[in-house]
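Working notes, structure below.
Coordinate-derived values only; no laboratory data. Just so we're clear, the structure is a prediction, and the values are computed from it rather than from any experiment.
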Amino acid sequence: MDWIKATIKTTLLCSLLFLMVSCTVSGFGLAPISSIDYNRVKTIQIDDFANHAEYVYGPLATTFNDKMKDLFIQQTRLQLVNTGGDLIIDGEITGYNQYNEAIDASGYSSKVKLTLTVSVNYQNTTNEEENFSNRTFTAFQTYDSSRLLTDVQDELITILVKDIAEQIYNSTVANW
């Protein structure tokens, strides 16, 4: 019976030790994955993305620009600057469209696909091999055609903007 207690104690101790090491390394799973060399890169410049889509929704550009800046500030130790950043991100919103996606038995659309497209330029002044120009990022969401776009637009914009901001983050500082 003593050997069972000893085995359980050893297993618990090893598990606790493993958990402590794992949490220290990963920051409890909340640490952003980043390839930033903070010894060389201190600042980031995120220029406002203009909305050049054919269909313009007023709050879209502001929502997108705010989300981009918030994401990089929250997930990195970089300081946001207006000019002269070590990392520079700029671009434009090139598409904001809705398309009929599915047709029901009556021949009418049953689902509508809302798509957001952004063109991005990225410059890393400390490592020019990572630079890219005019890279396109796209996200979409579908909604039931019985609902009006005006009823779902703000909710869907939040999702689309978050998705594209994360794609840009992953392609720039996370290098995915």
Long-range Cα-Cα pairs in segment 52-176 (distance over 19 Å), rounded percent: 52 percent
Using θ = phi - 60° and Karplus 6.51 cos²θ - 1.76 cosθ + 1.60, couplings along segment 150-162 (whole Hz; Gly, Pro as x): 4, 6, 10, 4, 4, 5, 5, 4, 4, 5, 4, 5, 4
Spatial separation of Cα centroids for segment 81-111 and segment 112-165, in angstrom: 5 Å
